[in-house]
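Input: a single structure, listed below in structure tokens.
Every number in this text was worked out from the coordinates using simple rules, so none of it is lab data. In this text, all values refer to a predicted model and were calculated from it rather than measured experimentally. Cβ placement follows ideal geometry from the backbone for every residue including glycine, while neighbour counts extend to all protein chains displayed.
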Amino acid sequence: MHGDDIEIVAVARGRPTEGGGYLWRGELRLWDNEILMGWYAARDGAVRSKGTLCFSLHQHGINATGRWVGLSYDGPIVTGWATLARSEDDVLAIMNQLRETPKEASTP
């Protein structure tokens with residue numbers, strides 16, 4: 001972290017390469033101590049995956065939850081939950097809660 005700018009790097013693929021997994025890097029910026037916004041892009045050669053990230057920080061800074069939206073390796077725009085936390089166990093617990101939460105209606 002440098003001031004309000006944060007560099008993020010995936011150190012492992014989320015799934016095997018054959019299943020579309022890839023390594024990536026990105027940058028986030030902290031706004032008003034409550035939201036992180038930024039981007040990510042594949043580090044693997046010919047992988048097209050790239051997109052945006054938006055996180056809301058917990059009021060005590062212990063974790064952040066949000067969404068990623070981007071171009072998938074095979075073309076369509078895709079989205080999903082995202083979370084940042086201090087440990088892998090915390091991330092998994094938060095992700096499970098997010099998956100169980102009913103989806104809200106989107107508004108234009």
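Tabulated values for the structure
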read-out: From the coordinates shown, P(r) over Cα pairs in 5 Å bins from 0, in percent corresponds to which of (i) 2, 11, 18, 25, 21, 15, 6, 1, 0; (ii) 2, 10, 15, 15, 15, 12, 10, 7, 6, 4, 2, 1, 1, 0, 0; (iii) 2, 13, 23, 24, 18, 12, 6, 1, 0; value: (i)
read-out: Per-pair calculated FRET efficiency, R0 = 35 Å: residue 73 and residue 34 via Cβ, rounded to 0.05; value: 0.65
read-out: Sequence of 35, 77 once ranked by neighbouring C-beta atoms within 10 Å, starting from the fewest; value: 77, 35
read-out: Computed label-point distance, nm, for sites residue 17 and residue 5 using a 7 Å Cα→Cβ extension; value: 3.1 nm
read-out: Positive-end residue, the range 5-100 charge dipole about Cα centroid, Cβ charges, pick of 59, 12, 95; value: 12
read-out: Cα→Cβ-extended label distance, 7 Å offset, between residue 27 and residue 90, nm; value: 2.6 nm
read-out: Size of electric dipole in the chain: Cβ of Lys, Arg +1 and of Asp, Glu -1, about Cα centre, debye, nearest 20; value: 340 debye
read-out: Expected 222 nm ellipticity per residue - DSSP helices of 4 or more, -39500 (n - 2.57), all of the chain, to 500; value: -4000 deg cm²/dmol
